[in-house]
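For reference, the structure is listed below as C-alpha cells.
The values are calculated or read from the model by the stated rules, or taken from the named source; none is laboratory data. Just so it is clear, the model here is predicted, and its values are computed rather than measured. Every residue, glycine as well, gets a Cβ built from its backbone with ideal geometry; the counts of neighbours run over all protein chains shown.
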Amino acid sequence: MNSTRKEIQTARMWRYFLDAASDLIEEKGLHQITVRQIADRAGYTSSTVYNYFRDLSHLKFFAVMRYTNSYFKDLPLYMDKGINTIDKWLYAWECFCRHSFQHPEIYSLLYIENLGNIPEELVKNYYQVYANELIDLSDSVQSIISQHDIATRSSLYIQNAKEEGFLEENDIEYIADTTMLIWTGMLTNVLNLRREISNEEAAKQTMHYIQRSILQTVLPEKRNELTYQYGAII
C-alpha cells in the first residue's frame, strides 16, 4: 500500500514539474529556463525538484520527451509501407529524420547531448506516468521506442533482416552504428549552421546517405527486392 501511494505521489510530482517545464520551454526556449523558474511555475521550491530529478538537464530531457509524440504516431504509418525488414527500417528512419529536423534542438538533447547516465528505468518511469502516449502503438513499434539508444534500437530491429537473407550477422552492428553517425553528423551541422538548408532538404540528404550505406551492406542478390522510396508517404 505504501509503495503504491509513493508511486502515485511520484507520478503526480513528475506531472507538475514536467508540465511546468514544457510550458516554460514554449515561452522562453529550451536553453533559457532554470530549475527555480520551473519550481516556481509548479508551485514548489527548487529543492523539491531535486527530490525527483538529478539536475536541470535531466528535467529538460523528460520535459521534451512529449515532442516525440507526433513521431511515435506517424512511425507505424511509415513502417507499414515497407514489405520487408530493410524497407520498414528505411521508412522508420525517414519518419525519424523528418521529425527530428523539424525540432533539431530537442532531438539533439534527447539523442546526442551528453547528459550523463539516464537509466532505461527512468525512461520506463516516464511512460508509466504518461501511459496514454503508448496507446494504439503496435508491439513492434513499442519495442523500438523502448530502446532509447538509436544504434541499439536499430541493431535489435534489423536482426530480422539477417533471417530474411538481406544482411550478414557481422554487418548488423556496423550498419546500425553507421546510420546513427550519419544522422548525428547532419543534425549537428544544421544546429551549428554549417549547412543552411531547409528541414526538408536536411531530412532528404540524410536519407540519401543512409540509403546508400544500407544498400552497400545488403547482399547483392537481394537488393532488387528493396522497394523503399523517399517521399512515398506525405
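Some values worked out for this structure:
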| item | result |
| --- | --- |
| Residue within region 214-225 that is surrounded by 13 or more Cβ atoms within 10 Å (Cβ to Cβ), over 23 Å from the mean Cα position of the chain (by Cα) and within 13 Å of S154 (Cβ to Cβ) present | yes |
| Odd one out for Q128, checked against (1) at pLDDT 85 or above; (2) in the same structural domain as K81 (by TED's automatic domain parsing) | (1) |
| Of the criteria (1) within 14 Å of the chain's Cα centre (by Cα); (2) modelled with pLDDT of 80 or more; (3) of a type outside the set (D, E, K, R), which one V123 fails | (2) |
| Sole residue being hydrophobic (A, V, I, L, M, F, W, C) and either under 28 Å from R153 (Cβ atoms) or not in a helix (DSSP H, G or I) (or both), chosen from A39, A21 | A21 |
| Any hit, region 32-50, residues being closer than 18 Å to Y126 by Cβ and touching a residue at least 40 places away in the same chain (Cβ under 8 Å) | no |
| Pair list, Cβ under 9 Å, 6 or more apart: region 149-168 residue within 9 Å of T85 (Cβ to Cβ) and among the aromatic types (F, W, Y), other residue at pLDDT below 90 and buried (at least 18 other Cβ atoms within 10 Å of the Cβ) | Y157/I144 |
| In region 55-104, residue surrounded by the fewest Cβ atoms within 10 Å (Cβ to Cβ) [restricted to those that are in a helix (DSSP H, G or I), touching a residue at least 40 places away in the same chain (Cβ under 8 Å) and of a type in the set (G, A, S)] | S57 |
| Verdict on N192 being free of Cβ contacts under 8 Å to residues at least 12 places away in the same chain and closer than 26 Å to P76 by Cα | no |
| Test set (1) aliphatic (A, V, I, L, M); (2) modelled with pLDDT under 90; (3) under 22 Å from R15 (Cβ atoms) - I112 fails condition number | (3) |
| Qualifying residues in region 192-217 (those that are part of a helix (DSSP H, G or I) and basic (K, R)) - the one farthest from Y228 (Cα to Cα) | K204 |
| Among (1) in the same structural domain as N84 (by TED's automatic domain parsing); (2) small (G, A, S); (3) touching a residue at least 40 places away in the same chain (Cβ under 8 Å), the one test that S198 misses | (3) |
| Complete set of residues in region 1-29 that are surrounded by 17 or more Cβ atoms within 10 Å (Cβ to Cβ) and touching a residue at least 24 places away in the same chain (Cβ under 8 Å) | M13, W14, Y16, F17, L18, A21, S22, I25 |
| Hits in region 137-187 - residues which are hydroxyl-bearing (S, T, Y) and either modelled with pLDDT under 90 or within 25 Å of E105 (Cβ to Cβ) (or both) | S138, S140, S143, S146, T152, S154, S155, Y157, T178, T179, T184 |
| Qualifying residue in region 182-192 (condition: farther than 14 Å from C97 by Cβ and more than 18 Å from the chain's Cα centre (by Cα)) | yes |
